[in-house]
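So the structure is just underneath, and the comments pick up after that.
All of the numbers you see were taken from the coordinates with simple rules; none came from a lab. Please read these numbers as outputs of a predicted model, since none were measured by experiment. Cβ placement follows ideal geometry from the backbone for every residue including glycine, while neighbour counts extend to all protein chains displayed.
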Amino acid sequence: MSIYKVRPATLRDAPAIAAIHVNTWKEAFEGILPEADLASISLEKRLEFWREAIRYNDPQVHVAIDDDRMVGFVGFDRSRDPKSKATTGEIWAIYVGPGDWDLGAGLALWDAAREGLVDEGCTDVTLWVMLRNERAIRFFELAGFKRELNTARTTPMGSVKVEEIRMKRALD
């Protein structure tokens with residue numbers, strides 16, 4: 001049983017979600033993305049994005065709480081990939097603050113997203129992950145995701161291009 005309470009996000013959560021997003025990016029992608037790109041990540045743009053996502057429920061956003069402190073969030077909805085089946089969901093984002101890594105919050109968020117996607121009628125779920133993000137790949141593999149090797153793509157991110165791969169699993 002998780003020590004984390006997971007609930008749908010509210011607009012009041014947007015500043016904490018944006019801060020977790022930015023801080024986690026800076027920590028997780030150190031050595032993967034150039035320092036200047038990490039330094040230029042805008043809290044204001046992340047705040048605007050997450051406010052809009054929460055307001056329009058696109059994607060659905062849930063937060064993990066430890067006592068009264070937010071430790072992470074997940075955004076999920078139908079797949080944005082062209083040609084995906086209508087029953088395919090997608091994890092758009094899942095982030096846990098660096099001080100709370102490896103304590104179960106990611107698993108609690110994944111469980112909430114899985115339940116939400118099943119409730120929406122999804123039978124499969126996908127996500128995109130940077131090939132050099134070994135921590136995230138390991139987490140998702142432990143959660144039952146498999147790499148779809150024929151999906152590798154190059155995506156512009158800041159001043160560089162990164163290699164990403166799609167991962168997928170059934171929601172049974």
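Taking the square roots of 5 times each eigenvalue of the Cα gyration tensor of the chain, largest first, gives ellipsoid semi-axes of 22, 21, 16 Å.
The charge dipole of the chain, taken about its Cα centre with unit charges on the Cβ of Lys, Arg, Asp and Glu (plus for the first two, minus for the last two), comes to roughly 440 debye. You can think of it this way: the chain between Glu141 and Ile3 has 47.4 nm of extra reach, that is 0.36 nm per residue less the Cα-Cα gap. For Asp172 and Glu27, the FRET efficiency from 1/(1 + (r/R0)^6), where r spans their Cβ atoms and R0 equals 30 Å, is about 0.35.
Taking Lys161 as the anchor, which lysines have their alpha carbon closer than 25 Å to its alpha carbon, excluding any fewer than eight residues away along the same chain? Result set, ordered by chain and number: Lys26, Lys45, Lys83, Lys146. Distances between placed amide hydrogens fall under 5 Å for Gly89 paired with Ser79, Thr123, Asp124, Val125, Thr126, all partners being 5 or more residues away or on another chain. For the chain, averaging the sequence separation of C-alpha pairs within contact (under 8 Å, six or more residues apart) and dividing by the residue count gives a relative contact order of 21 percent.
Each of Phe73, Ser84, Ala16 was placed along the dipole of the chain (beta-carbon charges, centred on the mean Cα), and the one lying farthest toward the positive end is Ser84.
Largest GNM mean-square fluctuation among Arg69, Arg147, Arg132, using the chain with Cα springs under 10 Å: Arg69.
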